[in-house]
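Please read the structure below before turning to the comments.
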Amino acid sequence: MICKTVTGKGFKGCVNYVYDKVIEGKGEIIASKDVSIDEKKYAIREMIEQAKTYEDSRSTGKFVWHPSIAFPKNEMVNDELMKNVAMDYIEKMQLDKSQYMVIKHTDTEHKHFHIVANRINSESKLVSDSYTKNRDYTFSREMEVKYNLEKMEVKDGEINTDSYKNKADKQKIDIKNDVKEGMASSVSKEDFIKKLKEKNIEVTERGKEYKFKKTDVESGKSYDFRGTTIDKNYSKENINNLINENALEQGHQNKNEFSK
């Protein structure tokens, strides 16, 4: 079994990520506590409101606790086992007084589930996230023994895939692809900004550059890049010129269609 925990700031991004799989028919909520599950917007609102009850000014604001727990692909795993493991995890990490949702996803060959929990519990206290990597490893080994599961560990070459640098590189590539697609199909600046917003990318203008910001749905971390950092040809002038060309071409096509 593999357990990997991240903490972040964005309840909205994290809840959207796990809940949208349910909406798509690729997931199911199998347990929850003190949070609405009928609509994701209510769950997000309630978790944010609970987090606001914490008043320590030294806090970094990373109140989202998000582990994913995966089983070997050939393991016989049902909802009851997933729920039992989830409850064991919640107790082990002292999240039993916190809001949480347990969501099974069925979009990969490995059976797995996610927990979205609030680090600010019902007593407005912050649940410690110290040494989560070590605690995740210990928890996984304990669960394998308790439930007679096949031992499953992350390979050495896979451990660094969640590092900030690697995730930043991936986000940079993803943003570049989305910007390229947006430029090719937009006929105005407003259209361009709207299309990228649909891809969870915020666009702002800074001098001779567009700035692109994307928030990772799992960790809540934000990654932002100037256009020419993504690609030397992605200056604001070049992007605007291409969009203007699209608009002229579209206008020409519309005129031809009208004249037929």
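In plain terms, the bigger the Kirkwood radius, the slower the diffusion; for the chain, with that radius from Cα pairs, at 10 °C and 1.306 mPa s, Stokes-Einstein puts D at 77 µm²/s.
Ranked by how many other Cβ atoms sit within 10 Å of their own Cβ, fewest first, the residues Ser68, Ser130, Ser59 fall in the order Ser130, Ser59, Ser68. With the charge dipole of the chain set up from +1 on Lys and Arg Cβ and -1 on Asp and Glu Cβ about the Cα centre, the Cα lying farthest toward the positive end among the listed residues Ala70, Val145, Asn177 is that of Asn177. When each of the peptides 4-11, 72-79 is scored by the mean number of other C-beta atoms lying within 10 Å of its residues, the order from highest to lowest reads 4-11, 72-79.
Overall, the chain carries a charge dipole of about 820 debye about its Cα centre when +1 sits on the Cβ of Lys and Arg and -1 on the Cβ of Asp and Glu, all other atoms neutral.
Just need the Rg to Rh number for the range 8-71, please, alpha carbons only, Kirkwood Rh.
Reported Rg/Rh (Cα atoms, Kirkwood Rh): 1.00.
Say the dipole of the range 2-162 comes from +1 at the beta carbon of Lys and Arg and -1 at that of Asp and Glu; which of Gly25, Thr108, Ser130 then lies farthest toward its positive end? Of Gly25, Thr108, Ser130, it is Ser130.
Rounded to the nearest 20, the Cβ-based charge dipole of the range 20-109 about its Cα centre (Lys and Arg +1, Asp and Glu -1) stands at 280 debye. Taking label points 7 Å from Cα along the Cα-to-Cβ direction, Ser32 and Thr204 give a separation of 3.3 nm.
Over the chain, calculate the relative contact order: mean separation of alpha carbon pairs under 8 Å at least 6 apart, over the residue count, as a percent.
Computed over the chain, the figure is 22 percent.
Each value in this text was obtained by applying a stated rule to the coordinates, not by laboratory testing. Every value quoted in this text rests on a predicted model; they were computed, and no experiment measured them. Counting neighbours? That spans all protein chains shown, and the Cβs are built from the backbone with ideal geometry, glycine included.
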